[in-house]
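The values are calculated or read from the model by the stated rules, or taken from the named source; none is laboratory data. No experiment lies behind these values; they were computed from the predicted model shown. Here Cβ is always computed from backbone atoms with ideal geometry, including for glycine, and neighbour counts include all displayed protein chains.
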Amino acid sequence: MITIRPASDRGAANFGWLDTRHSFSFGNYYDPNHMGFASLRVINEDKVTPSRGFDTHGHRDMEIVTYVLEGALEHKDSLGTGSIIRPGDVQRMSAGTGIRHSEFNASDTAPVHLLQIWIVPETQGIDPGYEQIYIDPADKQGQLRLVGSRDGRDGSVTIHQDISLYATTLAEGDTVDHVLAPGRVAWVQVARGAIALNGQALTAGDGAAIEASAGGDLDRLTLTGAANEAEVLLFDMAA
């Protein structure tokens, strides 16, 4: 079964410096029917004006993945880590027993556009940690590139949960397939552009939850680029 979460149905807030959309309940947006999916808890699409951002604040027991689409985001945390996250980068921060961090648009002239993803860890109280990698755009073009996983395989960031996170960019007509093993579910998030997911149209901001049907026949996902260049994240998770 594929259940589409249209972009237009997401929670929304605009603070002037921040224009944000929430696929799941977050902050002042609460919808008991959209509290997360499997181990996914948050997918926020944020657009931050130049030189503005999130002041230092704390987190606990959450895996936080940041994926920048345009611009540059400056990160600083209580571990002493500082970095700039740009398109192609994937950052994972494990909040664990507690971490404080800030995130600001690194530019004083251009906005930054990003996805921030929260994943519930399989174990609470781990040591806080941080990891950032760069993925060559060619490695995502027309193919699914693993960017996050439980064991950090294939050069992906290590996420402390039974999850495999893939990224792809698809030109119009490009097709990629992904097979779900028994007991797995998936979430597809279109970051930009448009695709067809098993023949169903999705555009930027749309998400889709994929669960096995009663007959267990939904195991192959086919993503096809439909217009412009699409960028898509696919989460393969334990049910």
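Quick look at the numbers
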item: Failed criterion for residue 130 (all others in (1) hydroxyl-bearing (Ser, Thr, Tyr); (2) farther than 30 Å from residue 16 by Cα; (3) at pLDDT below 95 hold); result: (2)
item: Condition check for residue 86: of a type in the set (D, E, K, R), in contact with a helix residue (DSSP H, G or I) (Cβ under 8 Å, 6 or more places away or on another chain) and either closer than 18 Å to residue 47 by Cβ or modelled with pLDDT of 95 or more (or both); result: no
item: One residue from 68, 112, 48 being within 24 Å of residue 144 (Cβ to Cβ), modelled with pLDDT of 95 or more, surrounded by 15 or more Cβ atoms within 10 Å (Cβ to Cβ) and among the hydrophobic types (A, V, I, L, M, F, W, C); result: 68
item: Residue within the range 89-97 that is among the β-branched types (Val, Ile, Thr), modelled with pLDDT of 95 or more and part of a strand (DSSP E or B) present; result: yes
item: Selection status of residue 138, out of contact with any strand residue (DSSP E or B) (no Cβ under 7 Å at 6 or more places or on another chain) and not in a loop (DSSP other than H, G, I, E, B); result: yes
item: Counted residues, the range 19-54 - those being under 18 Å from the mean Cα position of the chain (by Cα) and in contact (Cβ under 8 Å) with a residue 12 or more places away in the chain; result: 23
item: Hey, residue 58 surrounded by fewer than 18 Cβ atoms within 10 Å (Cβ to Cβ) and in contact with a His (Cβ under 9 Å, 6 or more places away or on another chain) or not; result: yes
item: Which listed residue is surrounded by fewer than 20 Cβ atoms within 10 Å (Cβ to Cβ) and more than 20 Å from residue 114 (Cα to Cα), from 14, 33; result: 33
item: Strands (runs of 3 or more DSSP E) completely within the range 1-85 that count 3 or more residues being under 21 Å from residue 134 (Cα atoms); result: 40-48, 63-70, 73-77, 82-85
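Yes/no per residue for (1) crowded, with 20+ Cβ neighbours inside 10 Å; (2) in contact with a helix residue (DSSP H, G or I) (Cβ under 6 Å, 6 or more places away or on another chain); (3) under 22 Å from residue 40 (Cα atoms); (4) not small (Gly, Ala, Ser):
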position: 116; (1), (2), (3), (4): yes, no, yes, yes
position: 158; (1), (2), (3), (4): no, no, yes, yes
position: 163; (1), (2), (3), (4): yes, no, yes, yes
position: 171; (1), (2), (3), (4): no, no, no, no
position: 190; (1), (2), (3), (4): yes, no, yes, yes
position: 204; (1), (2), (3), (4): no, no, yes, no
